[in-house]
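Structure first, then comments.
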Amino acid sequence: LEKYESFVLVYHRIVGNRHKTNISTPNDIYNISQKDFEKHITFLKKSYEIVSLDSLVDDLKNFKPISGKIALTFDDGFRDNYEYAYPIIKEYNFPATIYLMGYPSAPVTLWWLAIEALILEADSKNISFRFNDIYINYPIQLARDKIKTIKILSSYFMSIHFYSHNDFLK
């Protein structure tokens, strides 16, 4: 980041420090640990002026200097934004914008989270179910098996017709 520039930083998910944040599923690239998020904030505090998104936009509209200013935003407004990011934002007294996602068809909108949560939280040794003409039976005893199964099911989910998504998730 160059000091003479301004930025809008977009965060997605902040996970608790007890969770792994190495990239193991396609969605993990959007996750950052609470500890790493705080490191970001302390770095930014030393190097930049963190302003609200509205303030940055107003400065742009009014041709005011914006060098060295950064606005923090969070995409989709997941609960972890409040649980893990908000305490840090509050502690450092920084403004942030959280965009909330609507749920026009709730089960399908967050399909990847539904599949991931189902498998990661499962205590069983395998996952099996029948959908249309396909019988699915995968081992999920080990963490690597769970990750592989998430990838397979996510890929299958994306390959079926949109109208079948709700039935697949059920």
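The values are calculated or read from the model by the stated rules, or taken from the named source; none is laboratory data. These figures come from a predicted structure and were not determined experimentally. As a convention, Cβ positions derive from the backbone with ideal geometry for all residues, glycine included, and neighbour counts pool all protein chains shown. These area figures cover heavy atoms from the full protein model, side chains too; ligands, DNA and RNA do not enter into them. Shrake-Rupley method; radii C 1.70, N 1.55, O 1.52, S 1.80 Å.
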So which residues in the stretch 25-46 are open to solvent by 30 Å² or more (accessible area, probe 1.4 Å) and closer than 22 Å to P87 by Cα, if there are any at all? Y30, N31, Q34, K35, D36, E38, K39, H40, T42, F43, K45, K46
Check whether at least one residue in the stretch 15-36 is more than 28 Å from T149 (Cα to Cα) and either at pLDDT below 90 or in contact with a Phe, Trp or Tyr (Cβ under 8 Å, 6 or more places away or on another chain) (or both), and report yes or no. no
